[in-house]
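Trainee: This structure is in structure tokens; I'll ask about it shortly.
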Amino acid sequence: QAQLVESGGGLVQPGGSLRLSCTASGFNFWAYSMSWYRQAPGKERDLVATVSLAGGVTDYSESVKGRFTISRDNDKNTVYLQMIDLQPEDTAVYYCKCEGPDYWGQGTQVIVSS
């Protein structure tokens, strides 16, 4: 069955960086756009970034534009989220999602705190 597994979360100080990974299996990863979402405590899950099938087109929420970069490697069935200049307001559980069939990962926690 389809599966998305995120990794790379953790605790980082303000101004720090993290790279999240999401590896897919059980479906044609290359055939769909992929996205990262995040959900902060007590808030709704929000779209962070989306990458097109071949990776040539990306889109970002205003809150992360210029700091986060989404990319994908279709040979590895993996989508990435490079995050720099992290701030406390970036603290959330980050989820990857297939934008075709409604597949979600289990999430990876990012905590930005000094």
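Trainee: Take the residues of region 103-114 that are open to solvent by 50 Å² or more (accessible area, probe 1.4 Å) and assigned to a loop (DSSP other than H, G, I, E, B): which is nearest to Glu6 (Cα to Cα)?
Mentor: Gln106
Trainee: Right, something else. Restricting to region 16-38, count the residues that are touching an Asp or Glu at 6+ places or on another chain (Cβ under 7 Å), of a type in the set (Phe, Trp, Tyr) and either surrounded by fewer than 19 Cβ atoms within 10 Å (Cβ to Cβ) or farther than 13 Å from Gly105 by Cβ (or both).
Mentor: Total meeting the criteria: 1.
Trainee: Among the residues of region 76-84, are any surrounded by 20 or more Cβ atoms within 10 Å (Cβ to Cβ) and farther than 22 Å from Ala54 by Cα?
Mentor: The answer is no; no qualifying residue exists.
Trainee: Follow-up. I'd like to verify a number: residues in region 76-91 that are closer than 15 Å to Ser35 by Cβ and without any contact (Cβ under 8 Å) to a residue 60 or more places away in the chain, how many?
Mentor: Qualifying residue count for the region: 2.
Trainee: To continue, here is another question. Only one of (1) closer than 30 Å to Ser114 by Cα; (2) out of contact with any Asp or Glu (no Cβ under 8 Å at 6 or more places or on another chain) is not met by Asp75, so which one is it?
Mentor: Here Asp75 meets the rest and fails (1).
Trainee: Find all pairs meeting these conditions: Cβ atoms under 9 angstrom apart; at least six residues apart or on different chains; first residue within region 92-111 and under 21 Å from Ala54 (Cβ atoms) and acidic (Asp, Glu); second residue at pLDDT 95 or above and open to solvent by less than 10 Å² (accessible area, probe 1.4 Å).
Mentor: Listed by first residue and then by second, the contacts come to Glu99/Met34; Glu99/Ser35.
The values are calculated or read from the model by the stated rules, or taken from the named source; none is laboratory data. Predicted model only: the values in this text are computed from it and were never measured. No Cβ is skipped: glycine too gets one built from the backbone with ideal geometry, and neighbour counts run over all protein chains shown. The accessibility values were calculated without ligands, DNA or RNA, using every heavy atom of the protein model including side chains. Shrake-Rupley method; radii C 1.70, N 1.55, O 1.52, S 1.80 Å.
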